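S.K.: Sharing a structure with you now.
The values are calculated or read from the model by the stated rules, or taken from the named source; none is laboratory data. These numbers come from a predicted model, not from an experiment. Using ideal geometry, Cβ is built from the backbone for each residue, glycine included, and neighbour counts are taken over all protein chains shown.
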Amino acid sequence: MTKDDFRKIALALPGAIESSHMGHPDFRVGGKIFATLMPEDGWGMVKLAPDEQEAFVQAAPDVFTPVEGGWGRQGATRVRLKAATKAIARDGLTAAWRNRAPKPLLRDFDRDGRRNRPRARDQK
């Protein structure tokens, strides 16, 4: 997966916009960051709930790793772009988006027949 793939998937989520935070691109919904991109390092980051982070790391440890320190304990999770498929990155981005999206947007998203609970897929 490339940085452009990550960006396209993030921006395809309803209400998502690209902005900038601490010198690198971020993706927001309702004014809240749900993902960031560190293209020069080959990583993305998704803001998951701690239990989601654990599930994604267990399902695909070569793709997902907790960020070090306090941010990681709160669910900030690195996505290794080179190891990720579009499908597994979409699952992580969708989970992060759901955690930050305003409730009316979530209702519309679910009403439109999109899946309610993202899941980490085996990327192989």
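S.K.: Consider R90 carefully, then state whether it is of a type in the set (D, E, K, R) and at pLDDT 95 or above.
M.R.: In short, yes.
S.K.: Go through the stretch 77-113 and report how many residues are charged (D, E, K, R) and in contact with a strand residue (DSSP E or B) (Cβ under 7 Å, 6 or more places away or on another chain). Show your work before the answer.
M.R.: Taking the stretch 77-113 first, the residues charged (D, E, K, R) are 78, 80, 82, 86, 90-91, 98, 100, 103, 107-108, 110-112.
Filter once more, keeping what is in contact with a strand residue (DSSP E or B) (Cβ under 7 Å, 6 or more places away or on another chain): 78, 80, 100.
Residues meeting the conditions: 3.
S.K.: Still on this model: Kindly indicate the residue of the stretch 4-29 that is in a loop (DSSP other than H, G, I, E, B) and exposed (fewer than 15 other Cβ atoms within 10 Å of the Cβ) and also modelled with the lowest pLDDT among those meeting that condition. Lay out the reasoning, then the answer.
M.R.: So in the stretch 4-29, the residues in a loop (DSSP other than H, G, I, E, B) come out as 13-16, 22-23.
Those left that are additionally exposed (fewer than 15 other Cβ atoms within 10 Å of the Cβ): 14, 22-23.
Values: P14: 95, M22: 83, G23: 86.
Only one residue fits best here, namely M22.
S.K.: Say whether the condition of being touching a Gly at 6+ places or on another chain (Cβ under 6 Å) and under 17 Å from K8 (Cα atoms) is met by at least one residue in the stretch 65-79.
M.R.: From the stretch 65-79, those touching a Gly at 6+ places or on another chain (Cβ under 6 Å) are 66, 79; that's our starting set.
Still in the running and under 17 Å from K8 (Cα atoms): 79.
Looking through the stretch 65-79, at least one residue is touching a Gly at 6+ places or on another chain (Cβ under 6 Å) and under 17 Å from K8 (Cα atoms).
S.K.: Turning to a different aspect of this structure: Can you tell me how many residues within the stretch 76-100 are of a type in the set (A, V, I, L, M, F, W, C), farther than 15 Å from D26 by Cβ and in contact (Cβ under 8 Å) with a residue 40 or more places away in the chain?
M.R.: We begin by selecting, within the stretch 76-100, every residue of a type in the set (A, V, I, L, M, F, W, C); these are 76, 79, 81, 83-84, 87-89, 93, 95-97.
If we keep only those that are farther than 15 Å from D26 by Cβ as well, we get 81, 83-84, 87-89, 95.
Now drop any that are not in contact (Cβ under 8 Å) with a residue 40 or more places away in the chain, which leaves 81, 83-84, 89, 95.
Qualifying residue count for the region: 5.
S.K.: Sticking with this one: Which condition number does M1 fail, the rest of (1) modelled with pLDDT of 95 or more; (2) within 17 Å of R90 (Cβ to Cβ); (3) part of a loop (DSSP other than H, G, I, E, B) being met?
M.R.: Only one criterion in (1) modelled with pLDDT of 95 or more; (2) within 17 Å of R90 (Cβ to Cβ); (3) part of a loop (DSSP other than H, G, I, E, B) is unmet by M1, namely (1).
S.K.: With the checklist (1) surrounded by 14 or more Cβ atoms within 10 Å (Cβ to Cβ); (2) at pLDDT below 95; (3) charged (D, E, K, R) in hand, flag the one item K47 doesn't pass.
M.R.: Result: K47 passes all but (2).
S.K.: For the stretch 32-107, which helices (runs of 4 or more DSSP H) that fit wholly inside it have 2 or more residues that are under 20 Å from R7 (Cα atoms)? Steps first, answer last, please.
M.R.: Working: elements: 50-59, 69-73, 86-100.
Passing ranges, in order: 86-100.
S.K.: Give the stretch 30-44 a look and list any residue that's within 17 Å of E68 (Cα to Cα) and either crowded, with 18+ Cβ neighbours inside 10 Å or in contact with a Phe, Trp or Tyr (Cβ under 6 Å, 6 or more places away or on another chain) (or both), or say none.
M.R.: If we filter the stretch 30-44 for residues that are within 17 Å of E68 (Cα to Cα), which is where we start, we get 35-38, 41-44.
Listed by number, the residues that qualify are A35, T36, L37, W43, G44.
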